[in-house]
Structures are given as structure tokens and as C-alpha cells.
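One structure is given below, encoded as C-alpha cells.
The values are calculated or read from the model by the stated rules, or taken from the named source; none is laboratory data. The shown structure was predicted, so the numbers you read here are calculated from the model rather than taken from an experiment. A quick note on method: Cβ atoms are made from the backbone with ideal geometry, for glycine too, and the neighbour counts reach across all protein chains shown. SASA here: full protein model, heavy atoms, side chains in, ligands and nucleic acids out. Shrake-Rupley method; radii C 1.70, N 1.55, O 1.52, S 1.80 Å.
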Amino acid sequence: MILIIDFGSQYNQLIARRVREHKVFCRIEPPGIPLEEVRRLAPEGIILSGGPASIYEKGSPKCDPGILSLGIPVLGICYGMQFMVNALGGRVDRAAKREYGPAELVVLDRSGLFSGVNERTPCWMSHGDSIAALPEGFRVTAKTANTPFGAAADEARGLYGVQFHPEVTHTPQGSLILKNFLFGVCGCKKSWTMKSFVRDSVEDIRARAGDGKVILGLSGGVDSSVAAVLIHRAIGGNLFPIFVDNGLLRANEAERLSKVFKENLKVPVRLVKAGKRFFSELKGVEDPEKKRKIIGRVFMEVFEAEAKKIKGVKFLAQGTLYPDVIESVSAFGGPTAVIKSHHNVGGLPKKMRLSLIEPLRFLFKDEVRALGTELGLPDDMVWRQPFPGPGLAIRIIGPVTKERADLLRRVDAVLNEEIKAHGYYRKLWQSFAVLLPIKSVGIMGDLRTYENIAAIRAVTSTDAMTADWARLPHELLALISNRIINEIRGVNRVVYDISSKPPSTIEWE
Ligand code: XMP
């Protein structure tokens, strides 16, 4: 296992991704991690991440310098290297200007960390301060035109530093450099696979849950489905997955999910059909935040009522993923402004006094997908696009009714049928339709129509933090528009959303 100390770099998740791509497990911890805990974790190597601060800044993140003398190899990246140099008696100078962007790395010693790396290779720089003198025992191993100490090493102590970012794709041989650190320096083994993950987590879940009962809210999404199957494999009938059909799901979603769980996976699901209740509570509500709050509250009530039917529940399982975990402990992570209140079942454990089981809390999304496949989930569930908790309600602008939800469901189904048929479904982060609260005039045959407008939203993204509207071929858009207007009574105009995020958001409400 590799321990990554998070000094707040925007790239720290990427470091973890790269390490895991080499089939080595790693975890990210904040700088405040006690030395004792590091010893207990006994990592094979430690990576100190980059970070936006200057080591001279008040309150800049620091870890226990004892980490550098545990006898465990350490690789400092950017700020991590500067921290190491400073802690060991070298000199870091405050920069007059930042160095940001591509640079050519000249490798002076093509062994160790740079074994197999070209003598000259592109690298990505992003730093303010620079190293002016190395601590005793270190020697310089690479440089760039602006950075005389581009990389340095003290092999005897197993300490390495790189001023550039090997984890980003702009450093094409960065993965090789990390690989050299993992296998050449730390002696890691390629042991992190989904098979090993299943084996270990099944044991963990069994140990934690004992013979206690566990409830889990299925959303139809990848994460909760995968969590359910994994936990079921560990504790079988003591897992009670509950699926609340709020009437605001995509077409056939509830049926498909129940069927797959029951027939393919042999996991019984409690399906609660609560559409009526949701529509009645949403009646006449237009304000997006109000919609979200109502749906969140009603979901909680329905879920809780169902959960109460199961006697002696001790645990609530959730499909929380690693990025959320990291965000909540990140060195610089603070509460960000609430743009949209996302709904989840966060309030339940407190109210019902349940302990949490989060078996995916160390996984990234693509790993969850691989895990889903490993556990036998069908492709269409594993590769499902994200879908918001409040469902179609935040895609029906204005008041939400069952009729409008049914209409939007049909539009959405046609849209995604074509998106899938043309091979775009997996390439897009999301593709969906939005029902607008205005009508427009059209002509069908010889008759005037006055009907609804559907907007199509299709975006590309890697993490939903930013997104761009997808440049779908005009022919495909034409086909989609034609099919929707011809096949679905009640829509006579289709428009395409060409806004990126920011400043727009992905969902309309
Ligand atoms: P926005 O609209 O803020 O959405 O750009 C970013 C991503 O989050 C999804 N989303 C939600 N997911 N509960 C969820 O589980 C919610 O309340 C919710 N609201 C938005 C959205 O679909 C997009 O992928």
C-alpha cells in the first residue's frame, strides 16, 4: 500500500488514480496524520502531494517530518518536494513569479526513478517557490531551463523529489516515473485487483456487521447497486435493499432494477411504490429548491417507514465514493457554497441511530464500474449515466404532475434510445430531456398545434464539476428531434441546450 499525504493539490486524486492503474492500492490522508498511524498502516512507500501554498505561508500544510526518517521510501511532488527539502535543511526560495505550464525535463541520471525515461522528455510545471539548495545527501537528478533542481534524490535514505507533476497527462513519461518509484524503489507488488477487493471487503463487511441487519437505499444508480450486491455477497439475507419508486424515475427503471436484482443476482429488493405521495406533495410547487426539499423529506419519510418494518436494524449502508471522502478531509477542502441542495439519506443514521457501512469509500467511479462487472451486474446497469436524486422533477420546469412526468419519460426514452444506438451513451456524461413550461405553435399535417417544448441536454464531463455541451452530429440531432415530434403527442418543438458548466449547471434546476 502507498500512502499519499494530501497537501491540497488539485491533482491529488490523479496521483491516486495513477498508482492504482499500476495495480497498487493507495490511500490519501491529510497532513495531520499522526506518525503512529503511519507506522500502523505500514505503507511500502509515501507520496507527498503538491499543494497551492508556499511552505513559508502561515498555516501552510505540514506533516510530521518524522515521516522522512521511518525508513519508508518517500517521493515528494512539487510542494511535497519543497516540504522535504525544507524539513531536511535545504533551502527553498520564495519565487518572484510562478512557473506554470509545459517544460522540457533534462534527465541527468537515467537510473532509479528515471530508469527507462528519455534523456529529454516533456513535463508539467506548476509551482511558485523554487529549491535553491539541496539538503545534505541529496543530488540533483533532472533539471529544466528554469528549474535547476527539477528532481533530486538521496537513495541511501530512500528520499526522492520531483518539482514537476508526474501524475498529469502533460508529463507523458510520468506514469513510468511513478512506476519506477512503486516497483523499483518501494518494491510494491501488483496486488490491487477487483477480485482481491471483493475478497477483502466481504471479510470486512462480515466482521463489521456480524449478524446485524443492514438496510440500504437503492437509487437505480451504479453506486448503490454495486454496494448492495457486494454487501449481499457478504451477509446474504441480512441485507435489506429498499427501492423507493418516487414516480420520477426514467422509463422502466424500477421494473428493470427489480428484475435484475431478483433474477440475475438473487438479491430480494423491497420496492415501495410511492409516486402518488410524491406528486401530491409536489402539487403546484415551482421553486426548484422547494421541489428538492420536498422530495428529500418525503423520500426520508417513505424510506424510514419501510425500514421500520424490519425489526432490529443496526446498520445503514451507502454507496459513498472516495472523491466525496477525500473532499471532506482535504487539507484545503472547506464547505463550498450550496448551489443546489443534493438529497441523500444522510439524516437517517442520526435519527434512527444506525451505524454506517460504506464499502465503496476507497473507490473511484471507474473502479466501482469494474467492481460491478466483477460482481455480475449487467452492462446497462454498470454503465448507467448519473441521475439526480430528485429525478425528473428538476427536469420539469414549473409544477410537476404525473402527466408531465409521463410525457418527459417518453421523450427521454426516445432520446436515449438513439443516443445508445449511435454509440454515444458511454461517451456522454449525461444525456437527457427537459420539459419547458411554455408552449409554442406548430403545424402538423394541415392543422395548427399548440404544444410543449422539449429541450435536449447532452454534456461531456469527467467529474460533473465542469461540463461542456456535446457536439453531437447534426444528423443525429435531426433524427432525435424528428422522432420526438412525430412519435410523442404533446411535443411540437425540440431545442438543444448549448451551455457549458460553468456558468450554467448540468441540470436545469
Ligand atoms: P449540476 O446540475 O449541479 O449537477 O451541474 C452536477 C451533477 O450532479 C447531479 N445531481 C444530483 N445528484 N442528487 C444527486 O444524487 C441530486 O439532488 C442532484 N442534483 C444534481 C447531476 O445530474 C449532475 O450529474
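Looking across region 447-456 at every residue that is within 19 Å of GLU403 (Cα to Cα) and surrounded by fewer than 19 Cβ atoms within 10 Å (Cβ to Cβ), the one that is nearest to the ligand (Cβ to nearest atom) is identified as ALA455.
Run down ALA152, ALA133 and say which single residue is of a type outside the set (S, T, N, Q), surrounded by fewer than 23 Cβ atoms within 10 Å (Cβ to Cβ) and touching a Lys or Arg at 6+ places or on another chain (Cβ under 8 Å). Quick ask: steps written out before the conclusion?
Numbers: ALA152 fails: surrounded by fewer than 23 Cβ atoms within 10 Å (Cβ to Cβ).
Every option except ALA133 fails the conditions.
Looking only at region 485-509, filter to residues that are under 14 Å from ALA433 (Cβ atoms), in contact (Cβ under 8 Å) with a residue 60 or more places away in the chain and open to solvent by less than 60 Å² (accessible area, probe 1.4 Å); which one of those is farthest from the ligand (Cβ to nearest atom)? Per the criteria, the residue is GLY490. Within region 365-377, does at least one residue satisfy the condition of being open to solvent by 10 Å² or more (accessible area, probe 1.4 Å), within 16 Å of the ligand (Cβ to nearest atom), of a type outside the set (Gly, Ala, Ser) and assigned to a loop (DSSP other than H, G, I, E, B)? Checking region 365-377: not a single residue is open to solvent by 10 Å² or more (accessible area, probe 1.4 Å), within 16 Å of the ligand (Cβ to nearest atom), of a type outside the set (Gly, Ala, Ser) and assigned to a loop (DSSP other than H, G, I, E, B). Here PRO386 clears all of (1) at pLDDT below 95; (2) assigned by TED's automatic domain parsing to the domain that holds LYS283 except the condition numbered (2). Selection of region 475-484 for residues being touching a residue at least 12 places away in the same chain (Cβ under 8 Å) and either open to solvent by 40 Å² or more (accessible area, probe 1.4 Å) or more than 33 Å from the chain's Cα centre (by Cα) (or both) yields LEU479, ARG483. Restricting region 231-253 to residues that are out of contact with any Pro (no Cβ under 9 Å at 6 or more places or on another chain) and assigned to a helix (DSSP H, G or I) leaves a set whose member that is nearest to PHE387 (Cα to Cα) is GLU253. Cβ-Cβ contacts under 7 Å between residues 6 or more apart (or on different chains), taken from a first residue in region 369-386 that is of a type in the set (Asp, Glu) to a second residue that is in a helix (DSSP H, G or I), are listed as GLU374/MET194; GLU374/LYS195; GLU374/VAL198. All of (1) over 18 Å from LEU257 (Cβ atoms); (2) open to solvent by 10 Å² or more (accessible area, probe 1.4 Å) hold for ARG409 with one exception: (1).
Let's see how each residue does on (1) without any contact (Cβ under 8 Å) to a residue 24 or more places away in the chain; (2) farther than 21 Å from VAL19 by Cβ:
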{"position": "SER111", "(1), (2)": "yes, yes"}
{"position": "GLU119", "(1), (2)": "yes, yes"}
{"position": "SER130", "(1), (2)": "no, yes"}
{"position": "PHE138", "(1), (2)": "no, yes"}
{"position": "GLY150", "(1), (2)": "no, yes"}
{"position": "LEU159", "(1), (2)": "no, no"}
{"position": "HIS165", "(1), (2)": "no, no"}
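Residues in region 32-60 that are under 23 Å from the mean Cα position of the chain (by Cα) and open to solvent by 10 Å² or more (accessible area, probe 1.4 Å) were compared, and the one that is nearest to PRO172 (Cα to Cα) is GLY51. For region 419-434, what are the residues that are within 16 Å of the ligand (Cβ to nearest atom) and surrounded by 15 or more Cβ atoms within 10 Å (Cβ to Cβ)? Residues satisfying the conditions are ILE419, TYR425, LEU428, TRP429, GLN430, SER431, PHE432, ALA433, VAL434. When you scan region 457-475, do you find a residue that is β-branched (Val, Ile, Thr) and away from the ligand (no atom under 15 Å from the Cβ), even just one? Within region 457-475 (the criterion being β-branched (Val, Ile, Thr) and away from the ligand (no atom under 15 Å from the Cβ)), the answer is no, since none of the residues qualifies. When you look at ASP204, is it part of a loop (DSSP other than H, G, I, E, B) and either of a type in the set (Val, Ile, Thr) or loosely packed, with under 15 Cβ neighbours inside 10 Å (or both), yes or no? Judged against the criteria, ASP204 is not a match.
Somewhere in region 254-264, is a residue outside any helix (DSSP H, G or I) and under 25 Å from ALA405 (Cα atoms)? Steps first, answer last, please.
Quick first cut of region 254-264, residues outside any helix (DSSP H, G or I) only: none.
No, that holds for no residue.
Among the residues making up region 428-474, a single one is without any contact (Cβ under 8 Å) to a residue 12 or more places away in the chain and of a type in the set (Gly, Ala, Ser): GLY445. The set of residues in region 278-298 that are open to solvent by 90 Å² or more (accessible area, probe 1.4 Å) and either among the basic types (Lys, Arg) or over 23 Å from ARG395 (Cβ atoms) (or both) comprises LYS283, LYS290, LYS293, ARG297. Taking the conditions (1) aliphatic (A, V, I, L, M); (2) open to solvent by less than 20 Å² (accessible area, probe 1.4 Å); (3) touching a strand residue (DSSP E or B) at 6+ places or on another chain (Cβ under 8 Å) in turn, MET444 satisfies each one other than (2).
Return yes or no: is ALA228 under 20 Å from LEU354 (Cα atoms) and either part of a helix (DSSP H, G or I) or open to solvent by 10 Å² or more (accessible area, probe 1.4 Å) (or both)? Can you show your working first?
Details: under 20 Å from LEU354 (Cα atoms): yes; either part of a helix (DSSP H, G or I) or open to solvent by 10 Å² or more (accessible area, probe 1.4 Å) (or both): yes.
It is true that ALA228 is under 20 Å from LEU354 (Cα atoms) and either part of a helix (DSSP H, G or I) or open to solvent by 10 Å² or more (accessible area, probe 1.4 Å) (or both).
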